[in-house]
Amino acid sequence: MAIACAYCNGEHTSPREVRQCWTDGGQKDVPLSADDSLPPFADQTDDEQSFTYAADLAPGASRPMSTRARSASEGNERSQAVVGDVARGAAPAKPGPDVLGRHLVVQPGADVGDPWASADRLVIAARTLAEPGEALTRLREAHHAGERLVIELDADFDRQPKLMTDAAPYELGAIFAFELEELHHLVWTNSIDMRDPDKPTWIALDTAIARGAAPADPEAEGDVLLPDGQIVWLDAGPVRHVSPVDGLDVLHLVAVEHGSLVPPGPNESAADLAVDQLAAVTHAGGGARIIAPAGSGKTRVLTERARHLIQRWNLPPSAVSLVAFNKRAQEEMKERTSDIPALQVRTLNAMALAIVNGVSPFAPQQKTWRTIDEPDVRRIIGNLVSFQRRRNSDPIGPWIEALSLIRLGLVDPDEAEMRYDGDVTGLAETWPRYREAMERKGSVDFDDQIYRALLVLLSDPAARRTAQRACRIMLVDEFQDLTPAHLLMIRLLSSPGGAVFGVGDDDQTIYGYNGADPAWLIDFGRLFPGSGEHPLEVNYRCPAGIVDIVDRLLRHNDRRVHKTIRAASSDTGGWSVDNAVDVVGATMKAVELALDSGADTSDIAVLTRVNALLAPVQVALATAGVSVSGGVGLEFTDRTSVRAVLAWIRLAMGGRSGQFDPDDIREALRRPSRSFHPKITDWIAEQRSVVDLNKLAGRLNKQRDTERLFEF
């Protein structure tokens, strides 16, 4: 199947060829107007004006205007107004302390003085923009090491490139990135522009002055004078905490961008944390991999980290995004951070839907999408695909799974169709029709929330920049269970800084069928360069005996992060193996022993491999008068196989109120299947006892039908 290419306007035969076309120069720099910028924020007052990241305002570019207002005389009917013009060269920039690693941008071959006289030089030329990989690697190294560079700019690279792609997310893959976007950020955000030696300017300084700071004395230490009279240094390097330099606090640009001129406090936490947890919470950088085995307190670390960033680093909550894996985790995190009501705590799907529908703080969109549930999805698929009727089967189920594989697993539709080995024949041709049907209805299903958010982020540079502003620091739970689509979304949102605090355990990856991969944690440093590492080693949940045997088992995993797992408890007991044939009886005995020893029912948990296995234990406990919570609900009885078994049991017991129920008879006739004529089936369902069924069997004309009914 030919794939249309947004880069060369031609066609390719595989996603691999599309990616290669991108590598060969497929990034599209959209010629948007210079006044393109952030959309309005519903909760902002006129005094809470928004500022784009400093690199958006490179020298030579005019101050972007808010999409709140722009006069009609400028050729646009939308009502807009200028938000806080940032004057270029508002004050002369200083070299700053070495620890802040400021670069110098100069004309090719220009002489430089201290402190850059001995610094490495990096040339940014037209060929660099065509193949930015090598320059990106060098700039990342310097950026995270606090190393000064002299950047010789020999290309037109003042304006931030507004990059977009029309390629499908599954054609790009999970580790796709807009490289020129990051390159521009690394060239300009922490660099002094000395191309005019008489006017050294720095866009971070200009932004702080526009936000209400004043330039510090050119002959004294410090960059700006804050409204409270305090002099501080500015930091436009990676998101991080920097201790005072020369007695002056260091204020990060992210705080300024989000409207705060409050410098950070000490990087210390008074929270009651273990040593390994404390090290993670007080990590001095923005990004880090936190390996958190079961029971090690990962939720506590995530919520305390968010509190630490906001209450100790004094970063505005609008810059921090806490991402929960599911709704239950989101509610727990929200409860634990109730003292920070402005903190963004969302699931990935909630964040994606907010992007798709343009809910603050994300860019407004032209339409609102309605979320539909699985029954609606089944109806849409049923209208698009013809299925042969087969008893005891769910032909639509594989289609739902395959559509998920395309959108969350980022698998090409042709490949997804092949993987299902005939169960989804025609998927590749049906895929665009399914998308069109959803588009016409203005609907998104659960997976489509993520997929459509990716389409927005990939195709709309202004919307992407707005979303990135709200995600300068991302704290992400259950990192090992992210699908490729989730990972791509996080990488796009956290760009260009890549400050992701990822918490998870590669040994607990359970969504591999949808593309989740322990590699996300194993290769975390490659996905998010400059990140730190903090392993949590202590299991507070289980006795030492259980922790030890689990640790020995997990060491056999072929691909994993090497880790130490220790138990907080010294109890070496806590587990035993029972090979009893009567599993329910053995479980009941174990529960009874625990209760007899004084345990409360709330201290006892029964775990099974799948939910269905809980049902017999749940029934046995209820029969014994033991109160339970959780387990399976009434929806369990509506499962096809369970419904059939219950029907057979009721028939075997003589039916409800001593008579057979027509629904029970019909259910039993279907499982196992019996090929009766529909009219005969109706006659059978009318019978109320075994005697009635025998009488009916004797009246049937065909011997085969009689034999089948007697067998029944």
Residues to consider are Val642, Val606, Val690, Val626; find the one that is of a type in the set (Val, Ile, Thr) and closer than 19 Å to Phe712 by Cβ. Val690
With respect to the numbered conditions (1) in contact (Cβ under 8 Å) with a residue 12 or more places away in the chain; (2) aliphatic (A, V, I, L, M); (3) not in a loop (DSSP other than H, G, I, E, B), which one is the sole condition not fulfilled by Met418? (1)
Which ones in segment 208-233 are buried (at least 22 other Cβ atoms within 10 Å of the Cβ) and in contact (Cβ under 8 Å) with a residue 40 or more places away in the chain? Ala208, Ala213, Asp223, Trp233
Could you grab the pairs with beta carbons closer than 7 Å, sequence gap of 6+ or different chains, first residue in segment 577-604 and among the β-branched types (Val, Ile, Thr), second one exposed (fewer than 13 other Cβ atoms within 10 Å of the Cβ)? Thr601/Ser627
Which count do you get for residues in segment 421-433 that are of a type outside the set (S, T, N, Q) and touching a residue at least 24 places away in the same chain (Cβ under 8 Å)? 7
List pairs: first in segment 617-629 and in contact (Cβ under 8 Å) with a residue 12 or more places away in the chain, second in a helix (DSSP H, G or I) and of a type in the set (A, V, I, L, M), Cβ under 6 Å, 6+ apart or cross-chain? Val617/Val584; Ala620/Val584; Ala620/Met588; Val628/Leu621
Does Glu268 satisfy the criteria of being under 30 Å from Thr299 (Cβ atoms), of a type in the set (Asp, Glu) and surrounded by fewer than 17 Cβ atoms within 10 Å (Cβ to Cβ)? yes
Going through Leu646, Leu621, Leu614 one at a time, which residue ends up being within 33 Å of the chain's Cα centre (by Cα) and of a type outside the set (Ser, Thr, Tyr)? Leu614
Mind telling me which of the residues Asp506, Asp423 ends up being under 17 Å from the mean Cα position of the chain (by Cα), over 28 Å from Leu139 (Cα atoms) and not assigned by TED's automatic domain parsing to the domain that holds Gln160? Asp506
Kindly provide the set of residues from segment 461-483 that are surrounded by fewer than 24 Cβ atoms within 10 Å (Cβ to Cβ) and within 19 Å of Arg407 (Cα to Cα), ordered by number. Asp481
Scanning for something in contact (Cβ under 8 Å) with a residue 24 or more places away in the chain and over 30 Å from Ala615 (Cα atoms), does segment 647-659 turn up at least one residue? no
Taking Val577 as the residue in question, decide whether it is surrounded by 16 or more Cβ atoms within 10 Å (Cβ to Cβ) and among the β-branched types (Val, Ile, Thr). no
Kindly check whether there is at least one residue in segment 308-324 that is outside any loop (DSSP other than H, G, I, E, B), under 22 Å from Asp448 (Cβ atoms) and not hydrophobic (A, V, I, L, M, F, W, C). yes
Across segment 265-307, the tally of residues that are assigned to a loop (DSSP other than H, G, I, E, B) and touching a strand residue (DSSP E or B) at 6+ places or on another chain (Cβ under 7 Å) stands at 10
Qualifying helices (runs of 4 or more DSSP H) (wholly inside segment 93-194; at least 1 residues being among the basic types (Lys, Arg) and surrounded by 15 or more Cβ atoms within 10 Å (Cβ to Cβ)): 133-145
Could you list, in sequence order, the residues of segment 631-690 that are among the basic types (Lys, Arg) and under 30 Å from Ile604 (Cα atoms)? Arg639, Arg643
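The values are calculated or read from the model by the stated rules, or taken from the named source; none is laboratory data. These numbers were taken from a predicted model, which means no experiment stands behind them. FYI the Cβ positions are ideal-geometry reconstructions off the backbone, even for glycines, and counts take in every protein chain you see.
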